[in-house]
Structures are given as structure tokens and as C-alpha cells.
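Reading through the C-alpha cells given below for one structure.
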Amino acid sequence: KGTYKPILSTYLPSYFPETEPDGRLYDVWALNIDRFLPEGAVFLRPHTLDNWRELKEPAKHKFMSAHFIFTLGYWVKEVPYDANLYFHGEETSLAARSYTWGWDLFCPHQPIIWHEYTREGKKRHWDDHQFSPLDKASFKKYRALFGIDNESTEGMDFVGLDLGKERTLAE
């Protein structure tokens, strides 16, 4: 209601396949800043959305999760995923870039889908990647995008991956 560019996103409640359906968590999660990593990136942490059982519609939100983004298809053209932001920083970058391009962020007000976080015994992305070098380059680009510590943008490609013009980062 009242938005032309909505995004529904948050960390999803957990489920455990081996105890399905009894292993599902039913609280609705929203995201908050937990801390700033020494490299400058924001580390997000889920918390139970206040009064979610009484809400009749999605709640305004400030952050988004890379594992659940539900929106209009043209978002991927206006705010494309930056493949050079590896793991840490991707979500706050997507949220800030989306917001500055005029997208409104919302958190679901009821559980609609679940996520298997532990994936016990299954391969994870960091099992076949050199996490440290990718993270180091990612943090550098993240600091440049957000203007942290006057990080240089030299040699970095922000074409189509920059902040938008419809809202400011300060907003």
C-alpha cells in the first residue's frame, strides 16, 4: 500500500529437515545492527519482530537478507547484485542501494517461508572458496561505497552498482 517499489526481505525463521514439520520456528524475524566489523562492514543479527502476531501487513524495515528478497522483477536491473561483495557487506550494500534508488523495504509480518541455516553435512560456499582474499577485496569495495576511512575507489567498478539518486544515504 502506498509504495510503487516494495521489497519484502528478512532473515527467515529456521527449520530442520530431519524434524520436519515439527522443527520449524514460527517467530518472525527482523534485522538489527549487531556490531561493526573491524573492516567497517555492518554485521546484522535477527531478532523477533515486535508484536508480529498482531500485525495485519508487512512492517517497514531498514535491512534485507540476501537469502530472501521478494520484489518486482525489474529490481534486479535497477539494483543488480554486486558479485564483488562476497558474503560480508552484500546485504547492507543491497539495502542501502535499494533504498537510495527509491525502493521501500518491508519485513514479513507472518512466517511464509523457512531457511535451513545449519545445512549439516552439506557443502557450504566457503568450503570451496578462498574466503580470506575474497573477504578482503569485498571489505575494500564496501568501505569505498560507503565512504569509510576515505577508501579509494581507484580500480573499482561501480557502474550500475552505485548508490541511487532518488534518496540520500543520510535519509
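The values are calculated or read from the model by the stated rules, or taken from the named source; none is laboratory data. Everything quoted here is computed from the prediction, not taken from an experiment. When we count neighbours, we look across all protein chains shown, and the Cβ atoms used for this are built from the backbone with ideal geometry, even at glycine. When the accessible area is computed, the model is the full protein with side chains, heavy atoms only, and any ligands, DNA or RNA have been set aside. Shrake-Rupley method; radii C 1.70, N 1.55, O 1.52, S 1.80 Å.
Observations on the model:
- Total residues in region 15-43, condition of a type in the set (S, T, Y) and closer than 18 Å to F70 by Cα: 0
- Residue within region 107-123 that is hydrophobic (A, V, I, L, M, F, W, C), crowded, with 19+ Cβ neighbours inside 10 Å and touching a strand residue (DSSP E or B) at 6+ places or on another chain (Cβ under 6 Å) present: yes
- The number of residues in region 24-54 that are open to solvent by less than 30 Å² (accessible area, probe 1.4 Å), outside any strand (DSSP E or B) and under 30 Å from A137 (Cα atoms) comes to 3.
- Flag if T10 is in contact (Cβ under 8 Å) with a residue 40 or more places away in the chain, among the polar types (S, T, N, Q), open to solvent by less than 30 Å² (accessible area, probe 1.4 Å) and in contact with a His (Cβ under 8 Å, 6 or more places away or on another chain): yes
- Unmet requirement for D135, which otherwise passes all of (1) more than 16 Å from A41 (Cα to Cα); (2) open to solvent by less than 70 Å² (accessible area, probe 1.4 Å); (3) acidic (D, E): (1)
Each row is one residue, and each column tells you yes or no for (1) touching a residue at least 60 places away in the same chain (Cβ under 8 Å); (2) assigned to a loop (DSSP other than H, G, I, E, B); (3) more than 18 Å from the chain's Cα centre (by Cα).
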{"residue": "L105", "(1), (2), (3)": "yes, no, no"}
{"residue": "K141", "(1), (2), (3)": "no, no, no"}
{"residue": "L145", "(1), (2), (3)": "no, no, no"}
{"residue": "E166", "(1), (2), (3)": "yes, yes, yes"}
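- The residue list S138, S132, S93, S152 contains one member that is more than 30 Å from R53 (Cβ to Cβ) and in contact with a Phe, Trp or Tyr (Cβ under 6 Å, 6 or more places away or on another chain), which is S138.
- Of all residues in region 55-87, those satisfying the criterion of being assigned to a loop (DSSP other than H, G, I, E, B), within 19 Å of G164 (Cβ to Cβ) and either aromatic (F, W, Y) or over 16 Å from the mean Cα position of the chain (by Cα) (or both) are F63, L72, G73, Y74, Y81.
- You will find that of S98, S93, the residue that is within 14 Å of the chain's Cα centre (by Cα), buried (at least 21 other Cβ atoms within 10 Å of the Cβ), free of Cβ contacts under 8 Å to residues at least 60 places away in the same chain and not in a loop (DSSP other than H, G, I, E, B) is S93 and no other.
- Residue within region 141-164 that is within 19 Å of A95 (Cβ to Cβ) and of a type in the set (S, T, N, Q) present: no
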